[in-house]
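Shown next, in structure tokens, is the structure this report addresses.
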Amino acid sequence: MRIDKYLWCIRLFKTRSIATEACKKGHVKISGNNLKPSKEIFGNEEITIRKNQINYKIKVLDIPPNRVGAKLVDLYRKDETPREEFEKTELLKYSKDYYRKKGSGRPTKKDRRDIDDYYQDN
């Protein structure tokens, strides 16, 4: 089965075209080598997928005949992603919220004046 179709069948990507695009951009690798979307995969291969700033590691257990339901996905793949990958995204989320609250946008005139006053006093 093609790698892009497999990733779509195990519900890692919402559409097959998104899976194809990820392969073309080099986000899907087997043993460090970038793959074309047409690469045939077989059982017992380890795939590394970069999605949402997380490096997922998936082991192919079997090839599904079609797109499978969410409950049956674990029959065809084993997720071996280290927990540290998910912890990195949590840290990234906190670092983004450090300076300004989400949704507050650019500083207002009053914010700007307060910032200028703070720097003039010091």
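Per residue of the chain, what 222 nm ellipticity follows from adding -39500 (n - 2.57) for every DSSP H run with n ≥ 4, rounded to the nearest 500? Walk me through the intermediate numbers first.
Working: 4 runs with 44 residues, N = 122.
It comes out at -11000 deg cm²/dmol, rounded to the nearest 500.
Over the chain, the fraction of Cα-Cα pairs per 10 Å bin, rounded to whole percents and listed from the shortest bin up, is 12, 33, 21, 12, 10, 8, 2.
Between Arg106 and Val73, the simple label model (points 7 Å from Cα in the Cβ direction) yields a spacing of 4.0 nm.
About the Cα centre of the stretch 1-81, what is the dipole size in debye to 20, counting +1 per Lys and Arg Cβ and -1 per Asp and Glu Cβ, all else neutral? Before the final figure, lay out each step's value.
On the way: 18 positive and 9 negative charges, 66 e Å.
Around 320 debye, computed over the stretch 1-81.
Per-peptide packing, taken as the mean over residues of other Cβ atoms within 10 Å, places 65-77, 38-50, 108-120 in the sequence 38-50, 65-77, 108-120 from highest down.
Against the longest alpha carbon principal axis of the chain, how many degrees, from 0 to 90 and to the nearest 10, is the axis of helix 83-96 turned? Tilt of helix 83-96: around 30 degrees. Run the reach check for Lys36 against lysines, Cα to Cα strictly under 17 Å, same-chain hits fewer than 8 apart removed. What comes back? Reachable lysines: Lys5, Lys24, Lys25, Lys51.
Values in this text are rule-based calculations from the coordinates and carry no lab data. Values in this document were obtained by computation on a predicted structure and should not be read as measured data. Heads up, the Cβs are rebuilt from the backbone with ideal geometry, glycines too, and the neighbour counts pull from every protein chain shown.
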